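Accompanying notes for the structure given below.
Please treat every number below as a calculation from the coordinates, not as lab data. What you see is a predicted model, and the numbers here were worked out from it, not measured in a lab. Here Cβ is always computed from backbone atoms with ideal geometry, including for glycine, and neighbour counts include all displayed protein chains.
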Amino acid sequence: MFSTNRRTLLRATGLAALTAALGIFPPTADAQEKIRIGYAISKTGPYAGGAGITTLPNYELWVRDVNAAGGIKLGDKKLPIEIVEYDDRSSSEEAVKAIERLANQDKVDFILAPWGTGLNLAVGPTLNRLGYPHLAVTSVTDKAPELAKRWSNATFWLGTSAQISEALADLLGKLKGEGKIGGTIAMVSIADQFGIELSAAARAAFKKHGFTLGYDKTYPMGTQDLQPLLKDAVASNPDTFIAFSYPPDTIALTEQAQLLKFNPKIFYVGVGTAFPLYKGKFAANSDGVMGIGGWNADSPQLKDYLARHKAATGKEPDRWASSITYASLQVLQQAIEKVGKLDRAAVAAEIRAGTFETIIGKVKLKDGLLQEVWSVGQWQNGEFYALAPTSQPGARAAVVPKPQWQ
Amino acid sequence: MLLVDIVLPGLVLGGMYALIALGLTLQYGVARIMNLSYGESLVAAAFGAFSLYSGLGLSPLAALLLAVPVAMGLNWLLYRFLLERLMRRGKDRGAQEIDSILVTFGVLFVIQGAMLVAFGGQYYSYSYLSIPLTILGSTLAVNRLVALLFAALVGVAVYLALTRTRIGTAVRAIAVDPNAARLVGIDVAALSGLAFAFGGGLVAIGGVLVSMFLTFNAAMGVVFTMKALVVVIMGGVGNVMGALVAGLLLGVVETAVARLIDPGLTLAATYTLFLGVLVIRPTGLFGRAAS
């Protein structure tokens, strides 16, 4: 009995030692022909819609751009990117498992982030433990500053819920001061972390600016008829309608508002407003609609990016997180080139400390967070221009009241 | 006026629920296939309507003329070459159900995968008949009214076909007891295949009509499968009238809860109603007692 045990133990120890030895001596950098980059993204499940428009096309576009230019410069030679891709099926467990697999089995050099707040928070601890830089672009959470402190490898790029709501409230406060809108707001929000955080921050910010909430309700995900909600919102006779909604609801709310001839001075809807789908569906009626996100559409770099995105993927990018996703990848590339070797810790530190030239302009993170983030945009003549924060250079003036639905 | 404003939109929402459940009633209740790929088939029909509308400018209502026969053909093939042998192999209803669940679970991923390759993961939406119509002071969208109309017409037509025709009677006999049906000379396999194919045609009607007013993507099928399942079980498995009534009831209750109590509780109301019905009538509203 004892001897069997000892033999097993010896064998296990030997195996462990062997594994450890293999781990200690990875293939040397000069033998490297390619840079292997992996990611797990939601190709199926409820997050596929968001990932399919914001994240995946930009990963593909970036890889294509980098490889077309010969690859990422490492020392005196350029290495092309090789991609390892998994589907996380919109599940946190799958996402974490895929990250482990990418790191331990596929031994990729870098890992790109999944789509969405939930999945980014889910894979955060694993990426931190494995020591991979984590560019958590499509995550909006008030915990971002705290997480960036805890995870030295992680960076956050879309601002916090409070930032987004406060920028919106500031803009509304300014418009109220100019006498363009009255003080009543109707607000609806989706009952998940995104909606709860944004609406909570908005409630406080609206109060600070002297607004009253005539209607303030949440609705569950997957609600197939939003008309009852909208009717009660209309009944509160607001000048401003705010919805912290997801794409299907954003579309449905806009459509129902048109049917009900609900024409508040400000009509603001959530995720999906900045999608090309929105403009495509509502055409002239999108004019004047405000939503989350926005970009400085007059910038030549973004115009060029828009054209390349369209040429490569056949679709326009969304006007919120798409360009930031692409910019984050440019930052990753420049950080790798500056470090000059595949040293993940050094690259993560460089991402946080360095200054980078990207399509959204000069990027310099502060405490792991991108500070200059657009929070409110508005469709004006077929383009989704950024309005707020109003202090940020490139902010456009808001068109208020919104033109009546046609 | 609030009452009208709850009942009318509620019926319209319920019409959609009934519409998306009618096909499952035939497939599950009659052909005995617990079709887990149901929602995916519905979304596939929605994509079909979208493609015909945006590509060729073909109205979704005209697309029905194309979508329904195609869907029936595909479903018939699916039954004939995949499901029929399961039905023959399964010893009893329980075994058949489990087998059909496993197979259609696989079919789900095949359809979803094909849609992902063709359309990607992003959302699709188009506008058709998005015109307001005011009835008794309540504003409704014409496209949703059309869906309600179709649900009522198709529901009643299928009900009449099942109860008033010879084939319908044979199909109902199969639903009750396939072995006894065989003894009186009914071709069980052929008629089950027909019922399954017909159910598939109804799924296509649902998908095409729903695409006029709901935003959809390739990943959304499960939402429809769940809703259809709730409606079918609540109405009494295999009972077309039951599905129609259960769907309408669900719509009215959801709308009433959203207007009178809180929109956040609609989902809770759905499942409370579902559980309530099952506690009082375990076989559903129109279901027969289990034999």
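Table for the structure above
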read-out: Kirkwood hydrodynamic radius over Cα pairs of chain A, then Stokes diffusion coefficient at 4 °C and 1.567 mPa s, in µm²/s; value: 57
read-out: Inter-chain Cβ neighbour average for residues A:213-225, partner chain, 10 Å; value: 5
read-out: Translational D in µm²/s for segment B:31-169 (Stokes-Einstein at 10 °C, 1.306 mPa s, Kirkwood Rh from C-alpha pairs); value: 89
read-out: Cubic angstrom per residue, convex hull over Cα atoms of segment B:158-219; value: 106
read-out: Cβ neighbours within 10 Å from other chains - mean over B:211-219; value: 6
read-out: Shielding by partners - mean other protein chain Cβ count within 10 Å, residues of A:255-261; value: 5
read-out: Using distinct alpha-carbon pairs, which all enter the 1/r mean, Kirkwood radius of segment B:35-93 in Å; value: 13.1
read-out: Cut-off 17 Å, label 7 Å out along Cα→Cβ of A:Thr390, residues of segment A:188-232 by amide N; value: A:205-211
read-out: Length-normalised contact order of chain A in % [C-alpha pairs under 8 Å, at least 6 apart]; value: 17
read-out: Computed helical MRE - 222 nm, chain A, DSSP H runs ≥ 4 contributing -39500 (n - 2.57), nearest 500; value: -14000 deg cm²/dmol
read-out: FRET efficiency estimate (nearest 0.05) - Cβ-Cβ, A:Lys208 to B:Leu2, R0 30 angstrom; value: 0.30
read-out: Nitroxide proxy distance, nm - points 7 Å out along Cα→Cβ at B:Arg164 and A:Gln371; value: 7.6
read-out: For chain B, calculated [θ]222 nm from helices alone, where every DSSP H run of n ≥ 4 adds -39500 (n - 2.57); value: -23500 deg cm²/dmol
read-out: Entries of A:Lys149/B:Lys227; A:Lys73/A:Lys315; A:Lys176/A:Lys279 with Cα pairs more than 32 Å apart; value: A:Lys149/B:Lys227
read-out: Calculated FRET value between A:Lys77 and A:Ile196, using beta carbons and R₀ = 41 Å, to 0.05; value: 0.25
read-out: Normalised contact order of segment A:294-406, rounded percent, pairs of Cα under 8 Å and 6 or more residues apart; value: 25
read-out: Antiparallel bridges, percent of DSSP beta bridges restricted to the protein assembly as shown (to nearest 5); value: 40
read-out: Over the protein assembly as shown: Kirkwood hydrodynamic radius from C-alpha pairwise inverse distances, Å; value: 27.4
read-out: Filter on A:Lys231/A:Lys261; A:Lys43/A:Lys310; A:Lys303/A:Lys338 - keep pairs with C-alpha separation over 18 Å; value: A:Lys43/A:Lys310; A:Lys303/A:Lys338
read-out: Whole-angstrom Cα spans of segment A:245-301 along principal axes, big to small; value: 40, 21, 17
read-out: P(r), alpha carbons of segment A:256-356 - 5 Å bins starting at zero, rounded %; value: 2, 11, 16, 17, 14, 12, 11, 7, 4, 3, 2, 1
read-out: Segment A:107-150: relative contact order in percent, alpha carbon pairs under 8 Å with at least 6 residues between; value: 43
